[in-house]
Every structure is written in C-alpha cells, then in structure tokens.
Amino acid sequence: MILDELGRSRYVSLTTYRRDGTGVATPVWVVREGDELYVWTKSDSWKVKRLRRDNRIAVTACDVRGRVREGAPSAEGTGRLLDATELPRLRKLLARKYGWQFRLVDWPAALVRLGKRPHTGIALRLS
C-alpha cells in the first residue's frame, strides 16, 4: 500500500502549488499515523503559505536532497495545517522515528524563542 511505503520513507518530496499552478517540491521528514501522513516544517515557510491558499499536495519518496529514484512511491491528495493542540502528538511521533535528529531541531528553536516553537505540522490525506 502506498501509504505504508511513504510512511516508512525517511524523507518525502512534498509538492505544494503556486497561484499559477506550478508545483514546488521540498524534501521533508514524514511520519504516518492512521490514514494520514504528517510532515514538519517552519511556520513561516513558503509551503505553509501556499497550503493556506491551495490545499492540493503531491508526495513522493526521496532522499535528503529531494532526489527521487525511478519508480519511487508517489501519491496526490490534500494537506491541512495542524492546530496547536495537535502539535504535541506530532512531536512525539517525530521524536520516536527520528530520535536525536528531531530533538536537535526542535529544542534549540524553542529555547531561542522562549518556548514558542517556530514549526508547524501538516497532515497529508492521500487520494
């Protein structure tokens, strides 16, 4: 199942869409829970701004640099930004999958901003 394959991937290339319909792909961490995939990104990133306007997404398994291998699992769907009440659960899921790498990104960012984390989560529902 494509959801399982993408959820096991270390990274996925998340494509969001500009006003003119052009897709912009970015490699992000991914974790699966239930029928959705979740990704983590900076709150002020362009992908967040694009999702607020157009919730269409595409995801493809990739490497850390966003390179997609031939035949990599791929799917389209919709994305929604998580609210503050959903973020603690996502942090736990990401910490479980990525361990010290996730903590290295999350905790210093919170310290610098006096407890306010500059990241947000995105739930991806595949079609």
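The values are calculated or read from the model by the stated rules, or taken from the named source; none is laboratory data. As the structure is a computational prediction, the values presented were derived from the model and not from experiment. Quick reminder, even Gly has a Cβ in these numbers, built from the backbone with ideal geometry, and neighbours come from all protein chains shown.
Of note:
- Residue in segment 60-74 that is surrounded by the most Cβ atoms within 10 Å (Cβ to Cβ), counting only those that are touching a Ser or Thr at 6+ places or on another chain (Cβ under 7 Å) and of a type in the set (A, V, I, L, M): A61
- Positions within segment 24-36 being surrounded by fewer than 13 Cβ atoms within 10 Å (Cβ to Cβ) and closer than 20 Å to R52 by Cβ, in sequence order: V24
- Residue in segment 100-122 that is buried (at least 17 other Cβ atoms within 10 Å of the Cβ) and modelled with pLDDT of 95 or more present: yes
- Options L93, L87, L81, L51; residue that is under 21 Å from H119 (Cα atoms) and either in contact with a helix residue (DSSP H, G or I) (Cβ under 8 Å, 6 or more places away or on another chain) or small (G, A, S) (or both): L81
- Test: residue in segment 80-93 that is closer than 18 Å to S9 by Cα and hydrophobic (A, V, I, L, M, F, W, C): yes
- Residues of segment 64-76 that are within 15 Å of the chain's Cα centre (by Cα) and on the phi < 0 side of the Ramachandran plot: V64, R65, S74, A75, E76.
- Scanning segment 49-67 for residues that are hydrophobic (A, V, I, L, M, F, W, C) and modelled with pLDDT of 95 or more yields L51, I57, A58, V59, A61, C62.
- If the condition is being in contact with a Gly (Cβ under 8 Å, 6 or more places away or on another chain), of a type outside the set (V, I, T) and within 16 Å of L90 (Cβ to Cβ), then segment 15-41 contributes R32, L37, Y38, W40.
- Extreme residue, modelled with the highest pLDDT, among residues of segment 76-99 that are more than 20 Å from R125 (Cβ to Cβ), among the basic types (K, R) and surrounded by fewer than 16 Cβ atoms within 10 Å (Cβ to Cβ): K92
- Positions within segment 7-23 being closer than 14 Å to I57 by Cα and crowded, with 17+ Cβ neighbours inside 10 Å, in sequence order: V12, S13, L14, T15, T16, Y17
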